[in-house]
Amino acid sequence: MKMIKNIAKKALFAAAILSMGMTITSCEDMLDTKPQGMFTDEQIGDDEALDLMTSAYATLLNHYFGNNESFAGPINNWVFDVRSDDALKGGDGVTMEGYIHQLEIGNVQSDNDVANFKWRNNYFSISRCNTAIRGIQASGSISDKEKASFIAEMKTLRAYYYFDMLRIFAKFPYFDETVENPSECRADEYSRDQIAEFIKQDLRNCYEVLPENQEEVGRFNRYVAAALLARVDLFTSDWTEAEKYAGYVINSHKYELYPNFLDMSKPEYNNQYESILAIQFSSANSSDQYNFNNCLNCTWSEGNLYGNGDDFYLASQNLVNAFRTDANGLPYLDGAPDDKNVDRADFEGNIDPRLDFTVGRIGMPWRSHQYNEKWCRNFDLYGQYSGKKPYPAPESPYVKPGIVPWGASSLNGLLIRYADVMLMKAEALIEQNKDLEEARTLINDIRRKAARSVDASYEPIDCNPMLANYKVSEYPATGWNQEYARKAVRMERRLELAMEGLRWFDLVRWGNVVETMTAYYASESKIRSYYQEASLSSDDIYFPIPVNQVDNAGDLYK
């Protein structure tokens with residue numbers, strides 16, 4: 001088969017919404033994305049099938065109708081991380097994008113814009129996947145083997161979106177490419193368990209069909225399907241299968257930990273090392289191929305280095321304090337013995353160096369610049385801890401500071417990285433009380449990466465061992481039992497994956513989200529008074545169907 005060789009990443013993900021005559025007719029009919037024109041079998045060849053796939057992959061940009069669709073319904077889910085104990089909404093004040101503030105204080109309403117944007121984005125994306133699958137199936141010139149592989153890519157992408165729905169909404173309609181009228185699907189047709197199994201079965205099948213390698217960057221291989229399946233398995237507590245598929249990724253030897261923690265923030269390392277599932281972004285031109293998901297969150301930056309971002313999605317003091325380590329270089333799994341906050345550079349205790357690669361901290365470097373209060377848009381209300389991970393140095397040739405949105409660059413959006421998969425397997429082993437030593441090794445490998453990242457010569461500079469007492473050590477074999485190991489792997493996920501949009505979903509699947517958030521609201525309210533009105537109950541964990549979707553669907557969702 002003739003393939004399009006060396007597809008540049010901007011070409012793969014820059015398909016317009018009007019691709020091959022396929023378009024979305026209206027918001028009310030969003031589940032039913034019928035083609036405006038019909039292809040014959042002879043018309044759908046290699047190039048046309050790839051065009052349909054490109055249009056589906058482009059959904060990872062989540063940028064359909066304007067900035068807020070991507071800002072408030074982003075693929076990296078930072079807006080749900082503010083529901084956790086890790087993050088604050090940030091910005092200029094509580095009324096700025098106030099619907100996100102409502103999530104931060106536990107107020108879940110069916111008319112919240114975040115829920116509506118997420119619902120719309122995911123179903124537009126699912127519909128494009130189904131359209132691509134039908135187009136590939138209809139092709140008369142693609143071989144059966146290549147058809148199966150292309151369809152597996154699209155089913156893996158569709159599984160990503162359906163899993164996103166499963167983590168966020170209490171109930172929702174499920175339909176695949178065989179359903180002729182998706183707009184007639186009921187939200188209660190399938191249970192959550194049934195939908196989870198649909199997702200997992202698709203991913204199992206896709207793993208068997210997809211190739212180990214793809215010539216074009218950004219296209220899914222079998223290990224994307226395996227890593228995503230392991231993540232779904234953890235959410236459904238299927239520890240045996242999670243161990244199996246996370247193991248497939250690890251044993252492939254295709255991936256390795258970054259040499260330095262900062263490497264994940266360098267565009268020159270795109271699609272290398274830990275990159276498993278990554279959105280391909282570009283700042284090569286003025287189109288909408290930037291990472292709109294994080295541009296709203298870019299630090300204010302003294303001197304307008306990034307173009308004065310809105311400074312959303314800041315770390316909480318609770319998260320920052322979690323990076324404290326004891327005299328042995330280990331985290332305080334049961335809480336520190338005192339109430340000292342890790343604040344500015346003059347904090348005298350030990351800390352994990354990943355803190356200064358994750359958030360800005362006054363007195364410490366930010367990509368070789370001096371971070372101070374002028375980098376913080378509303379220091380008095382939200383404090384100082386702007387997120388760092390999505391932003392290369394402002395001088396990087398991959399950054400376009402003069403172009404709105406702010407902090408736009410070619411840095412890929414990492415949705416699943418290798419360290420996450422290692423922790424998935426470690427957790428699966430621990431929950432089975434099986435091979436605890438292997439789990440300890442996996443966790444310690446990640447901690448060794450943190451330890452070797454303290455390198456004063458590594459550019460740009462983000463940690464300063466002359467100012468901070470960095471100490472991070474490996475967990476010893478002594479006392480390493482299931483209870484201790486469970487605390488360790490959960491803490492390691494918090495530290496390693498901080499500000500990557502995963503903490504809320506981890507708390508939900510661990511079953512301790514209400515307890516954790518109640519304690520967090522009480523402690524954080526001493527710093528920010530608006531937390532005094534915050535609360536969370538078990539009924540608030542999952543979103544109801546957005547009210548305007550209920551209205552549009554007639555009796556289907558009622």
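The values are calculated or read from the model by the stated rules, or taken from the named source; none is laboratory data. Note that this is a predicted model, so its numbers are computed, not measured. Quick reminder, even Gly has a Cβ in these numbers, built from the backbone with ideal geometry, and neighbours come from all protein chains shown.
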Return the pair list, or none, for Cβ contacts closer than 6 Å from residues in the stretch 94-115 that are more than 24 Å from PHE172 (Cβ to Cβ) to residues that are among the aliphatic types (A, V, I, L, M), at least 6 apart or on different chains.
HIS101/VAL94; ILE105/ALA534
Among the residues of the stretch 66-102 satisfying the criterion of being among the aliphatic types (A, V, I, L, M) and within 14 Å of TYR520 (Cβ to Cβ), which is farthest from the chain's Cα centre (by Cα)?
LEU88
GLU438 over 23 Å from the mean Cα position of the chain (by Cα), farther than 24 Å from ASN350 by Cβ and at pLDDT 95 or above:
yes
So which of SER368, SER301, SER286, SER282 ends up being out of contact with any helix residue (DSSP H, G or I) (no Cβ under 9 Å at 6 or more places or on another chain), of a type in the set (Ser, Thr, Tyr) and modelled with pLDDT under 90?
SER286
Residues satisfying the stated conditions in the stretch 254-274, i.e. farther than 17 Å from PRO397 by Cβ, assigned to a loop (DSSP other than H, G, I, E, B) and in contact (Cβ under 8 Å) with a residue 24 or more places away in the chain
LYS254, TYR255, GLU256, LEU257, TYR258, PRO259, ASN260, ASN271, TYR273, GLU274
Just checking, how many residues over the stretch 536-558 are assigned to a loop (DSSP other than H, G, I, E, B) and in contact with a Phe, Trp or Tyr (Cβ under 7 Å, 6 or more places away or on another chain)?
3
Given the residues GLY363, GLY387, which is the only one that is under 24 Å from TYR273 (Cβ atoms) and small (Gly, Ala, Ser)?
GLY387
Scanning the stretch 219-251 for residues that are of a type in the set (S, T, N, Q) and closer than 21 Å to LEU497 by Cβ, the one surrounded by the most Cβ atoms within 10 Å (Cβ to Cβ) turns out to be THR236
Qualifying residue in the stretch 348-356 (condition: in contact with a helix residue (DSSP H, G or I) (Cβ under 9 Å, 6 or more places away or on another chain), of a type outside the set (A, V, I, L, M), crowded, with 18+ Cβ neighbours inside 10 Å and assigned to a loop (DSSP other than H, G, I, E, B)):
yes
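Name every residue in the stretch 519-548 that is among the charged types (D, E, K, R), surrounded by 15 or more Cβ atoms within 10 Å (Cβ to Cβ) and over 24 Å from the mean Cα position of the chain (by Cα), in order of residue number.
Of everything in the stretch 519-548, those that are among the charged types (D, E, K, R), surrounded by 15 or more Cβ atoms within 10 Å (Cβ to Cβ) and over 24 Å from the mean Cα position of the chain (by Cα) turn out to be GLU524, ARG528.
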Residue that is surrounded by the most Cβ atoms within 10 Å (Cβ to Cβ), among those in the stretch 507-518 that are out of contact with any Leu (no Cβ under 6 Å at 6 or more places or on another chain) and either closer than 14 Å to ALA87 by Cα or free of Cβ contacts under 8 Å to residues at least 40 places away in the same chain (or both):
LEU507
